[in-house]
1. Figure the gain on full extension for C:Lys178 and C:Lys323 (residue separation times 0.36 nm, minus the Cα-Cα span) and round it to one decimal in nm.
2. Of A:Val224, A:Pro262, B:Val193, whose Cα points farthest to the positive end of the dipole of the protein assembly as shown (charges on the beta-carbon: +1 Lys, Arg; -1 Asp, Glu; origin at the Cα centre)?
3. Which of the lysines could a cross-linker span from A:Lys95 if the Cα-Cα distance has to be under 24 Å and same-chain partners fewer than 8 positions apart are dropped?
4. R0 = 22 Å: FRET efficiency of A:Ser118 with A:Ala244, Cβ-based, nearest 0.05?
5. For the charge dipole of the protein assembly as shown, defined by +1 on Lys and Arg C-beta atoms and -1 on Asp and Glu C-beta atoms about the Cα centroid, which residue among C:Pro364, A:Phe110, B:Gly124 has the Cα displaced farthest towards the positive pole?
6. So what are the three principal axis dimensions of the range A:110-150 from its Cα atoms, in whole Å, longest to shortest?
7. Report, to two decimal places, the Cα Rg of the range B:173-310 normalised by 2.2 N^0.38 Å (N = number of residues).
8. Average the reciprocal distances over every distinct pair of alpha-carbons in chain B, invert the result, and give the Kirkwood radius in Å.
Amino acid sequence: MSTYIIRRLLYTIPIVFGVLLLTFVLFTLVGGDISIEIAGKGATQETIDEIREEYGLNKPLFLSWDSQFVNHFKNALTFNFGRARDREPVIDKIKRGLGPSLALTVPIFFGVVIISVSLALVVAFVRGTVWDILAAVICVAGMSIPYLGFILFGQYFLAYKWGLFPVFFSPELTTAQYVALPVLIGIAAGLGRNLRFFRTVMLDEMRNDYVRTAFAKGLTTRRVLFKHVLKNAMIPIITRVVLAIPFLFLGSLLLERFFGIPGLGYLMAEAIGSRDYFVISAMTYISALLFVVFNLITDICYSLVDPRVSLE
Amino acid sequence: MSESQQLIKKEPPKGRGLWKDGARSLRRRKPAMFCFGVLTLYFLLAGFIYLAEFFDWRIGPTLWAEQAGQSYAPPSSKNIFGTDIFGQSVLRKTLYGTKISITVALCASLISITIGVPLGAVAGYFRGFVDEIIVWIYSTLSSVPYILLILAFAVVLRDRTLFGYKLTGITAVYLAIGLTSWVGICRLIRGEVIKHKGREYILAAISYGCNRRRIIFRHLLPNVFHLVIIDFSLRFVAFIHAEVILSFLGLGETERPSWGAMINDARIELSRGVWWQMAAATAAIFFLSLALNIFGDALRDSLDPKLRIQ
Amino acid sequence: MKSVSIIFITALLTTSGCNDSGSVEEPNEMVLHHVLSAKIKGLDPGNMRDVYSVIVASQMFEPLYQYHFLKRPYELVPLLAEDMPQISDDLLTYTIKIKKGVYFQDDPCFGSPRSFGLRSKTAGGSVPNGKGRELKAEDFVFSLKRIANIKYLSQNWSIFDNKIDGLDEFREYTKTRKSEADVDYSRQVQGLTTPDDYTLVIKLKKPWPQLCMALADTSTAPVAKEAVDYYGRDIISHPVGTGPFRLNVWRRGSYIELVRNQAFRGELYPSSGEPGDAEAGYLDDAGKPIPFADRVVWTVIEERQPAWLLFLQGKVDATVIPKDNFDEVMGGTGELTPAMKQRNIHLKTFKDPSTYWLGFNMAPVSTFAESTGVFGKNKPLRRAISYAIDREKFIELFFNNRHLVAHGLIPPVMPSYNPEIKEKGYAQYDPEKAQELLKEAEKIHGGKLPTLKITLPGTNTWYRQYGQLLKRNLSAVGLEVETEYMDRPTYLEKVNTKSIQMFTSGSSASTPDAQDFLAMFYSRYRAPGPNKFNYSNPEFDELYEKAQAMLDGPEKHRLYRKMELIVLEDCPAAFLNHRVAYVLHHDWYKNYKPHAFAYGLSKYRRIDLAKRTAYKKLLKTIK
């Protein structure tokens, strides 16, 4: 087991390296000269040169020990993310945004998972009946509405017209207050595709021979579902659920933008708009790390749950 | 003995192959065929607009820029979906938007299939070092959140020249989506190729000296191609929705109407009570996505070899 | 399943306990509530990079001079200076006396050296405050040297570039240093001397009549060296000023709160103004000690709608009218609707000294773009485009008819504005004339005109519609146009490298002198300088240089108007509109008189607490 873990961890190194390389190439080589923007409107050439010097932009890109890429790499490894364009340390921005983002994504995540899995079970129960078809129809319909549609609709009717929720984030609101509507919208928008997935998994599982045998033996649907099907269906369910966790940290870009929630998604959207390379690369790096770690966890869970899967 | 001879003499039932079976099964599903009809309509509309622009026909959707009424006129008998800020007909804009959305989704799908399928096949077939490299590339890409990757690519690709062809906003979007979405199909194909590699028919081909390229292209790929079709139909929806999100984030088609831009405009329009632009664009997307989803599902059910037995 | 639900509920409960608001308000405290529509970048006066930062910082930092709050035409009066400066006959030496008894706010940076190790990272930290020391003339010298320090990367250096004797040499010296902290500020600059603790002498290289206006800019406010040494880079979140307010809370990106500076030396509300002020109630508080408010609060809300709603709920004191709610607020007659009057909301209209335009890049071909050189030699083309734009329709659709058509370059608020500029007819909408001129343009170009490109600095709906409007106007006269949208940084880069053809931009004056506008057409200031048009006209340049040395007065204004006419005739840009702000404020928000140039006006505002509480009851009856 431990050798497997060590091997997997070793595997992650080239991936992390790949991510660093990717962010570097994208934003440095291809992204253009940001020193002009930092210098501002009336800046003279000398200020621009000075900025280049300070940010190390005048160093060679790859081929020296002190090259920009090497520095980028070193900084990432030591988690030294430097300061963003407005001179605030990047790490502080991330710390600040983490709270609101999690307050948004965690409830959505739990809401979607709990509701979809439960509904999927119910649907498996009543499979073939009109309820099943109705559920399928609602799922597909839900998946067909663009995400923005949910947001606009929800914000307009529930907040603006009927005043049930605050339209926008305000510092004087408690977290629960300003998060309520976005969470509702997030769950509604995410239910369709997740329910469909879980339903498909359940139904696929139910088509197996051992299920037919169980029914032939005279077991009730209930027992079959909970004792047998659920456990076997757990594998794809767990995979999907656990792999979704790293993305919780990034907040929801759209929901945060629309509702003004000062989370990491908002930070990210802004950083891209203002070419804040420091923030973008820091966040990409962190999310990649998380993703890789959770992949490993998923594989371990996999092996624990399914005896057929051996760790080789 | 004559009995067994008779049995042997009788023609074995004709196998019709996956595709014919699939098509037949599909045709039987009424809702799916209806959706197929809807899809055809959308595609024909897009095609029509292309033709109209090429031949400069001034009809319907190509006249979207014409002033059809007062600024922000609500839906009426004159303009079924009302007008926008410049008095342009929302109906015409919505129809025109079909071209953009279908083009984006089509191009992005083609790009991702063109990259993903060969890479997946090569990785799955050759394994070893080549496989490691390809897996490394797509693992790296998938570690970065999707929207972020698209955004980054699109922002960075904007305004660059590629092979002498200047990249406009919307082209950058197709490329960005395509370049980041090939991972899924690649993984899929790779998995299937690995599975099929051990099958007898491949071993047989190798044993009679078939060269590798023929094996991959003439034997393997056709057997996994149905997955590509299914993936294509499901991806299509995702790409259309991605265009909407990218519009919101400031990328995408700016010169001409697109559904994403219309929904984006709706943000400020709603507070004035102007709901018709958003409703029209959302409806257009909804019906297209619905049709694609239902059809895609049916397609998958029809082409799934496991289900053929039933 | 059950355990999962428990976790879910717990998560919700714990997060709901987190209250993100600022301090709790006392019932009798006077608090001003404002909204900022963008995040502020920092509170360090030497490097003010955006107007929002200035809005907040100006309440805490005081420069030598300020504009009189009430008097019009706009007049400079002393703030930290004792009096207006004594100017030598050759107009090169300014002697300014500093007020005595001005103190910096209390702050840990003035504390005992022992507390230096416990540097507080958050504003209003728990480290014991040192007593703020008295302001000396040397502090002004330090601030200006700091701006000159190239390692400090101040954006405000352009104000002083090549103006003060010895300061540019000081800047050269700082280039040789390794870092910002490495610079020796005790190095002498002969243009900035302090014969005694309360006297500042500035020696200029050549006459600079706008010096006093520059000294009214928040960026020239004195900064304590102790603060710079103590806080280093974190000084942007630790402002230490002499003004009536001090920073209490700054939640980056969402919320800023200032409180009354107990160590403020005191100032009095002006006792005189312009005719009409007394009737308007602006002199009700004449002679009283300011500031009135105990606290000033800004919430950052980038979207208009939520800010508007907060205003209606009485949680914000004043706001601009969002474009999409205009009809709700203003009836067709130009008066407030009954719904607004019911709430005792007041309207103030205010001409912003700004001009917006569609500019042409007149430089010859640059290596980046195709056919940039189209506009340089083709005056009929430029004039045609100007005639093709329907400015009135533009203002109607986009600005609810509020703004004024820009007939010229200089905005109406400025003393040098030419009241007869409309008659010159440069802003007329005349598509036929445009088409005639286009025929000439084709001849000059030597063939059919190529597709022209307009570049806009934004990608949101507003800019897209703006671009569409311009495109429609130009296509209507037969031009082929495409638009491209990009974010600000890319836009700036392209403009500075001369890679665009047409661009939309605008400017707002920061002083009553129209020089800022005219500088944009001075050939020496070609991109990356402010002359983004890359316009060059020797006659204009000559007049510009002449005007630079003149003191303000009718002679100078005449020169400005002459320059304006030259620019209008040559048409390096199609001038579109001057902004007019429509501001709404509640009944209880007193002493709100819009000022075109001054910042730091929160000290004059007063809240009628009784009226504020009454509003809440009023709201209930309206619902």
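Throughout, read-outs are computed from the coordinates displayed, never taken from laboratory work. Predicted, not measured: the structure shown is a model, and the values here were computed from it. Note that we place each Cβ from the backbone using ideal geometry, even for glycine, and neighbour counts take in every protein chain shown.
1. Residue separation times 0.36 nm, minus the Cα-Cα distance, leaves 47.2 nm.
2. In the protein assembly as shown, that residue is A:Val224.
3. Within reach: A:Lys74, C:Lys39, C:Lys41, C:Lys121.
4. Numbers: r = 17 Å, r/R0 = 0.78.
Efficiency at R0 = 22 Å is approximately 0.80.
5. B:Gly124
6. 33, 24, 8
7. Expressed relative to 2.2 N^0.38 Å, the Cα Rg reads 1.48.
8. Evaluated on chain B, it is 22.3 Å.
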